[in-house]
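These notes are about the structure you will find just below.
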């Protein structure tokens with residue numbers, strides 16, 4: 001198994017070929033990959049001396065309640081057409097996760113191409129995200145808005161600052177500037193509209209995809225704002241596009257129902273049914289996440305309930321991909337978990353306590369507030385008695401649903 005760190009000069013052309021083969025990027029946009037490769041942490045798998053699989057990661061932070069945890073994002077797993085079905089992507093991904101754990105990341109996330117593959121490495125499926133399609137003219141909002149500033153890929157530093165300083169909720173993450181630069185650059189149809197404060201800081205903006213499209217649809221790739229007054233100004237700005245643009249597509253911001261701001265949403269859905277401009281709301285869970293450091297994760301957990309403790313017998317499936325000499329072995333083991341205003345985790349077993357048996361996948365989803373224990377026991381390996389299920393359900397219902405608010 002020849003897995004090694006990316007060598008930019010040696011691997012650049014091979015990486016271009018991989019990304020072109022899998023349809024992620026065309027030759028016109030190869031130049032935008034350069035920064036990505038140089039500033040990401042990457043591993044390649046060689047076949048006949050050439051890179052045929054690339055796995056990259058970027059490090060940022062993840063908001064759990066009011067705390068920021070160190071976060072690793074597996075930002076790309078690309079395998080050439082000659083390297084499929086040989087477990088190359090799996091082994092390279094597993095080694096990358098080991099590196100991220102050793103670097104101190106508390107949790108790791110990724111966007112999945114399909115549910116199931118990354119479960120092998122301990123990842124659990126995230127929250128449903130709502131993708132809403134609506135006519136901007138139907139927004140029932142009457143808030144004054146100023147003339148916005150046009151934003152282009154050259155403004156990526158200001159755009160990134162705005163994203164990093166946005167209003168954040170439970171489950172939100174940030175990633176490095178190179179990620180914003182890449183997302184802003186590789187398509188000529190992407191552009192932004194936004195507002196600055198008196199000091200010139202870009203306080204709130206929308207980044208759009210669909211430049212030059214006469215009637216749309218236009219996608220809102222992301223939206224960033226520091227408070228709800230700014231959110232409403234952006235919404236009014238979006239409404240103003242309705243004279244010409246017939247459809248906007250966007251992910252609902254955390255804690256917001258866009259449907260609440262629409263006139264006659266069901267009428268307009270039926271009126272536009274089966275058309276290019278159909279008004280509709282779709283939901284899908286497309287990101288996955290897993291705990292890398294259970295001690296960090298539990299210690300930042302604060303739940304306003306009467307404290308209780310239990311044994312956790314944890315199984316980490318990534319061990320099936322790790323070699324005997326791997327410096328990190330996953331997080332399988334026996335733990336004593338205490339949940340309350342001041343939660344804690346320690347190695348061991350207390351025979352007087354109830355026991356929860358779980359995979360990392362299921363426990364991550366429980367801890368983050370994605371699904372309750374009573375639901376997870378139906379679809380995941382999560383086993384305990386009814387009394388402990390009730391305690392876990394009651395405890396983790398205090399958490400809002402997590403939303404990363406940053407696609408990766």
So, of the residues in the stretch 378-403 that are in contact with a helix residue (DSSP H, G or I) (Cβ under 7 Å, 6 or more places away or on another chain) and assigned to a helix (DSSP H, G or I), which turns out to be farthest from residue 63 (Cα to Cα)? 389
Limited to the stretch 392-403, what total is found for residues that are closer than 21 Å to residue 307 by Cα and surrounded by 20 or more Cβ atoms within 10 Å (Cβ to Cβ)? 3
Residue 125 within 29 Å of residue 69 (Cα to Cα), in contact with a strand residue (DSSP E or B) (Cβ under 8 Å, 6 or more places away or on another chain) and in the same structural domain as residue 66 (by TED's automatic domain parsing): no
Can you find a residue that is in the same structural domain as residue 237 (by TED's automatic domain parsing), in a helix (DSSP H, G or I) and out of contact with any strand residue (DSSP E or B) (no Cβ under 9 Å at 6 or more places or on another chain) anywhere in the stretch 138-148? no
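Conditions tested, residue by residue: (1) more than 24 Å from residue 393 (Cβ to Cβ); (2) exposed (fewer than 15 other Cβ atoms within 10 Å of the Cβ).
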| site | (1), (2) |
| --- | --- |
| 290 | no, no |
| 298 | no, no |
| 322 | yes, no |
| 329 | yes, yes |
| 340 | no, no |
Matching entry among 336, 349, 318 (being modelled with pLDDT of 95 or more and in contact with a helix residue (DSSP H, G or I) (Cβ under 9 Å, 6 or more places away or on another chain)): 318
State whether one or more residues within the stretch 168-184 are in a loop (DSSP other than H, G, I, E, B) and over 18 Å from the mean Cα position of the chain (by Cα). no
Quick one: count up the residues across the stretch 182-231 that are surrounded by 17 or more Cβ atoms within 10 Å (Cβ to Cβ), at pLDDT 95 or above and out of contact with any strand residue (DSSP E or B) (no Cβ under 8 Å at 6 or more places or on another chain). 0
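The values are calculated or read from the model by the stated rules, or taken from the named source; none is laboratory data. All figures in this text were calculated on a predicted structure; none of them were measured in a lab. All Cβ positions, glycine included, derive from the backbone under ideal geometry; neighbour counts span all protein chains shown.
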